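What follows is a single structure, written as structure tokens, with notes after it.
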């Protein structure tokens with residue numbers, strides 16, 4: 001019977017080492033992946049909810065601003081109409097009052113004015129190509145109803161400008177308080193996203209993993225089920241600042257997506273406020289970017305009721321009719 005030679009312990013160890021080295025070289029190698037951005041700050045649900053509710057101390061807000069409007073009526077074809085950057089003045093007051101004036105940046109002639117007393121709104125579009133005055137109800141949606149546009153060429157030409165509503169602007173800064181009771185609640189979760197950015201101390205952009213806390217505000221619907229109302233994104237890598245707010249329709253559609261940056265502290269109230277606000281309204285087919293002039297800003301000033309009301313300029317004459325969207329959409 002043949003005899004088998006059993007290698008010594010040192011040879012077995014040598015063979016095992018060579019085998020593992022060869023296998024490791026065949027099945028793995030080092031690759032570049034996005035790195036986690038540090039440091040990451042921690043906070044709890046109560047602290048972040050209090051940060052949102054702190055804005056309840058702001059009863060009114062006014063400031064000068066630069067604004068860029070994009071009409072996205074042709075967004076499905078990958079096109080948009082960008083209006084020339086304009087300047088203007090914004091007044092917001094609780095609960096849903098707003099005055100918005102948009103002017104050409106050099107000659108300071110009016111491009112559009114928008115006002116609402118909290119229930120009804122008026123929109124004036126000044127350029128002759130678009131000239132129209134619209135009135136309607138804040139809480140109604142007219143974007144799905146087209147009979148008025150079919151009857152009035154100027155309304156059709158106004159395009160996405162005719163879809164501007166007061167709550168689109170009041171929602172950017174005047175938040176409703178987050179309540180936790182039988183009809184509403186707040187949930188917290190972490191979200192991580194891969195983003196291109198210049199890291200602290202770096203000189204070039206790279207792909208980084210950024211961490212966010214996301215507060216989800218949920219409401220109980222009439223049928224007893226819960227629905228998502230809004231989400232607040234706090235940057236865990238940058239002082240837990242609010243960088244994004246998403247607002248949802250009761251049927252689950254994302255109706256407004258708001259971004260915040262370039263924060264400054266308001267002297268009168270001590271509130272931390274964003275100087276740059278960008279929001280998109282996908283179902284109203286427009287987006288806007290506001291760059292607020294913090295030196296012109298004022299918080300909690302009082303305004304007369306007439307500050308939130310508009311009428312058709314007399315120089316427009318009878319050729320430009322007032323279009324009541326409540327009547328046109330019937």
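The values are calculated or read from the model by the stated rules, or taken from the named source; none is laboratory data. What you see is a predicted model, and the numbers here were worked out from it, not measured in a lab. Note: ideal-geometry Cβ built from the backbone for every residue, glycine included; neighbour counts use all protein chains shown.
Points to keep in mind about this one:
- Qualifying residue in the range 254-272 (condition: farther than 26 Å from residue 291 by Cβ, over 20 Å from the mean Cα position of the chain (by Cα) and free of Cβ contacts under 8 Å to residues at least 60 places away in the same chain): no
- Here residue 209 passes the criteria (1) part of a loop (DSSP other than H, G, I, E, B); (2) more than 26 Å from residue 273 (Cβ to Cβ) except the one numbered (1).
- Of all residues in the range 101-133, those satisfying the criterion of being surrounded by 21 or more Cβ atoms within 10 Å (Cβ to Cβ) and touching a helix residue (DSSP H, G or I) at 6+ places or on another chain (Cβ under 6 Å) are 115, 116, 121, 125, 132.
- Residue 211 vs. criteria touching a residue at least 60 places away in the same chain (Cβ under 8 Å) and surrounded by 12 or more Cβ atoms within 10 Å (Cβ to Cβ): yes
- Among (1) touching a helix residue (DSSP H, G or I) at 6+ places or on another chain (Cβ under 7 Å); (2) modelled with pLDDT of 85 or more, the one test that residue 142 misses: (2)
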